[in-house]
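Structure first, then comments.
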Amino acid sequence: MQSGWEEQDLAARRLQRWRLVLGGSAEQQTPLAGDALQIDRALGALYDQGGRRGGLGASAPNVARWLGDIRKYFPQQVVRVLQQDALQRLNLQSMLLEPELLQSLTPDVHLAANLAALGHIMPEQVKQTARLVVRRVLDDLERRLSLPMQQAVRGALSRHSRKRRPRSSEIDWARTIRANLRHYLPQQKQLILQTLHGFGRRQSSLRDVVLCIDQSGSMATSVVYASVFGAVLASLRAVQTRMVLFDTQVVDLSDKLQDPVDVLFGVQLGGGTDINRALAYCQTLITRPQETVLILISDLEEGGDARQMLARSAQLQAAGVQMIALLALNDEGSPAYSQQMAQDYAALGIPAFACTPDLFPGLMAAALQREDIGLWAARNELQTAAPVAMQGA
């Protein structure tokens, strides 16, 4: 027999379900809060006849975030129904099947993110057209970002390769002799070598770069930019680049880096977040910690084991890995992120801040030269997380 409070609780839950079914028209009678409010907003964005429905337009930035929300709050079979309804209500199929409209589309990073997010539910004919649209967007980004990235990285690696303490097999004798002529002792007929110049290890990559990218809905545009930069890095022989994307699962797309379109359509934007699991996989890729740069691109909203995530990050840092946490890689201003986790990372000596695509080449150059990234961020007026005492790390 149910007690009075149990009956009241059951009645409240039933009323809440009816409120979700009826939508915004019942808002005044039954206000919502917490997860129920987020569920109502996700449903309203698709089914309401008011202004919220318009927010899912193809060029709007919140489609991928919406897809992440519905995966969080609904079972898989319901998610697929909602996605199919969204595909029809967005009129995306008819838009992509009209060549004249396709030609008129302006390249836009949000458009690329949204099409990639919907790619797994598109019919094949529509998906092929969507890939063409995304390629236009990425080609435009690559034209703008590729040359600065190549110049910054090559310059950094060139300085890195001119080592002051090379092994005997790596000494550039011509440069070394010229640099030390002023130390020649005529009476003894000896040249004192105070400075050694080396060629560096040209037979293999000078540095290893691991891009570990959160593919939850809030990080959609960051994934687009990261795929472009990953392709540029992969084209440089002096850098060995790996790209790992994750939500609650981890996928290694390093073999697709030659084409960032394949990277975007090889992921499913949205879902939960397990940073610890992703870092565990990245650890298996690192064979030269002192020569490795690990860029974690994430809002740090950990859904897995947060304590283990921090402990693993500390292990990577202690081993010599140059680790950086980018809270966002886009032009959208201040991102939403876990301030506590960002501060915990800062306490470990791992800088955490958001970065624009235009500044990312300079960031990579600084990281490859093992500069103080906190100072680099300050010079570029980027707000880094301030360290605080960690709780239970």
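The values are calculated or read from the model by the stated rules, or taken from the named source; none is laboratory data. Nothing here was measured: the structure is a model prediction, and the numbers come from that model. Cβ atoms come from the backbone with ideal geometry, glycine included; neighbour counts cover every protein chain shown. All accessible areas refer to the heavy atoms of the entire protein, side chains included, with ligands and DNA or RNA removed. Shrake-Rupley method; radii C 1.70, N 1.55, O 1.52, S 1.80 Å.
Since Thr106 meets every condition but one in (1) at pLDDT 80 or above; (2) polar (S, T, N, Q); (3) not in a helix (DSSP H, G or I), which condition does it not meet? Here Thr106 meets the rest and fails (1).
Can you name the residue in the range 323-378 that is in a loop (DSSP other than H, G, I, E, B) and open to solvent by less than 10 Å² (accessible area, probe 1.4 Å) and, of all such residues, is modelled with the highest pLDDT?
Going through the range 323-378, the residues in a loop (DSSP other than H, G, I, E, B) turn out to be 330-338, 348-351, 356-359, 369-372.
Imposing the further condition that a residue be open to solvent by less than 10 Å² (accessible area, probe 1.4 Å) reduces the set to 350, 357.
On the way: Ile350: 96, Pro357: 93.
Per the stated criteria, the residue is Ile350.
Filtering the range 275-309 to residues that are within 16 Å of the chain's Cα centre (by Cα), open to solvent by less than 60 Å² (accessible area, probe 1.4 Å) and not aliphatic (A, V, I, L, M) leaves Asn276, Cys282, Ser298, Asp299, Glu302.
Just one of the numbered conditions (1) part of a helix (DSSP H, G or I); (2) at pLDDT below 75; (3) open to solvent by less than 50 Å² (accessible area, probe 1.4 Å) is not true of Leu145: (2). Name the one entry in Leu296, Leu310 that is among the hydrophobic types (A, V, I, L, M, F, W, C), assigned to a helix (DSSP H, G or I) and modelled with pLDDT of 95 or more. When all the criteria are applied, what remains is Leu310. Applying the condition of being of a type in the set (A, V, I, L, M) and under 18 Å from Leu300 (Cβ atoms) to the range 222-256 and asking which residue is farthest from the chain's Cα centre (by Cα) yields Val250.
Out of everything in the range 248-267 that is part of a loop (DSSP other than H, G, I, E, B) and closer than 18 Å to Tyr225 by Cβ, what residue ends up being most open to solvent (accessible area, probe 1.4 Å)?
Checking each candidate, the answer is Gln258.
From the set of residues in the range 179-195 that are over 50 Å from the mean Cα position of the chain (by Cα) and in a helix (DSSP H, G or I), which is surrounded by the fewest Cβ atoms within 10 Å (Cβ to Cβ)? So, considering only residues that are over 50 Å from the mean Cα position of the chain (by Cα) and in a helix (DSSP H, G or I), the one surrounded by the fewest Cβ atoms within 10 Å (Cβ to Cβ) is Arg182.
Could we say that Arg277 is over 19 Å from Ser146 (Cβ atoms) and either in contact (Cβ under 8 Å) with a residue 40 or more places away in the chain or of a type in the set (D, E, K, R) (or both) here? Spell out the reasoning first.
Values: over 19 Å from Ser146 (Cβ atoms): yes; either in contact (Cβ under 8 Å) with a residue 40 or more places away in the chain or of a type in the set (D, E, K, R) (or both): yes.
Here the answer is yes, as Arg277 does meet what is asked.
Looking only at residues of the range 126-138 that are within 29 Å of Gly362 (Cα to Cα) and open to solvent by 60 Å² or more (accessible area, probe 1.4 Å), we find that the one that is modelled with the highest pLDDT is Arg135.
Considering only residues that are of a type outside the set (A, V, I, L, M, F, W, C) and open to solvent by 20 Å² or more (accessible area, probe 1.4 Å), look in the range 310-322 and name the one that is nearest to Val250 (Cα to Cα). It comes out as Arg312.
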